[in-house]
Amino acid sequence: MKILISFILLFNILYAHPHTFIEVYPTISVKNNTTQKINFVWKLDEMTSSMLIMEFDTNMDGKFDTKELSYIEENYFRALNDYNFYTDITIKSKIQKFPNPKNFNAFIENNKLCYSFDIDPKLNVQNTLFDFGDTDFFIAMILKKEFITITGSEALVSDLDNDFYFGYRLEFK
């Protein structure tokens, strides 16, 4: 019986890890405690990037043309809406639906697939938190203080340990 339980636990552990690692680079402009512009750049890990770049860059020229960008956005990026783009925006202790991303772009930088996009809302930074993570633990969102560019305010980065998944929080000071 102990062998069976050990095998089941081992099997579950093998599947309980991130398959993709994404570094999050937020650029946020704040004026009068209100966000004016929010841009995110996601940099995917090299292994995931190499597989996806081979699929996306159909003409193999090392960059994405209009047709390739459209394919990436429609078939890969927009599908993340179902996962709230792995980002919870909490305003006054209430999680908001992630706003519709705008100005999507995909590019290759240092052999990594990168997504860039903006979100529109004017948020009061005094009561707003950004939490990055995947509750299914297939995607690891990584946020470090040095990844953040903020004008007009300051922010803190903290770890989120929610017992069953790990993430990061961006909180304005």
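Quick notes
- Residue pairs whose Cβ atoms lie under 8 Å apart, separated by 6 or more positions or on different chains, with the first residue in the range 17-46 and in contact (Cβ under 8 Å) with a residue 24 or more places away in the chain and farther than 12 Å from Ser116 by Cα and the second among the polar types (S, T, N, Q) and not in a strand (DSSP E or B), are His19/Thr48; Thr20/Thr48; Phe21/Thr48; Ile28/Ser153; Val30/Ser153; Asn33/Gln126; Asn33/Ser153; Glu46/Asn111.
- The set of residues in the range 150-173 that are aromatic (Phe, Trp, Tyr) and free of Cβ contacts under 8 Å to residues at least 60 places away in the same chain comprises Phe164, Tyr165, Phe166.
- Meets criteria (of a type in the set (D, E, K, R) and in a strand (DSSP E or B)) for Asp131: yes
- Unique residue being over 20 Å from Lys37 (Cβ atoms), under 16 Å from the mean Cα position of the chain (by Cα) and touching a residue at least 24 places away in the same chain (Cβ under 8 Å) when the list is Phe147, Phe130, Phe104, Phe138: Phe138
- Only listed residue being of a type in the set (D, E, K, R), modelled with pLDDT of 95 or more and surrounded by 13 or more Cβ atoms within 10 Å (Cβ to Cβ), chosen from Glu109, Glu73: Glu73
- Any hit, the range 158-169, residues being in a strand (DSSP E or B) and under 16 Å from Asn33 (Cα atoms): no
- The one condition from (1) in contact with a Leu (Cβ under 8 Å, 6 or more places away or on another chain); (2) surrounded by 14 or more Cβ atoms within 10 Å (Cβ to Cβ) that Asp118 does not meet is (1).
- Inspection of the range 91-99 identifies no residue that is touching a Gly at 6+ places or on another chain (Cβ under 8 Å), of a type in the set (Ser, Thr, Tyr) and either at pLDDT below 90 or closer than 30 Å to Ser153 by Cα (or both).
The values are calculated or read from the model by the stated rules, or taken from the named source; none is laboratory data. Everything numeric here is computed off the predicted structure, so don't read it as measured data. Don't worry about glycine lacking a Cβ; one is built from the backbone with ideal geometry, like all the others, and counts go over all protein chains shown.
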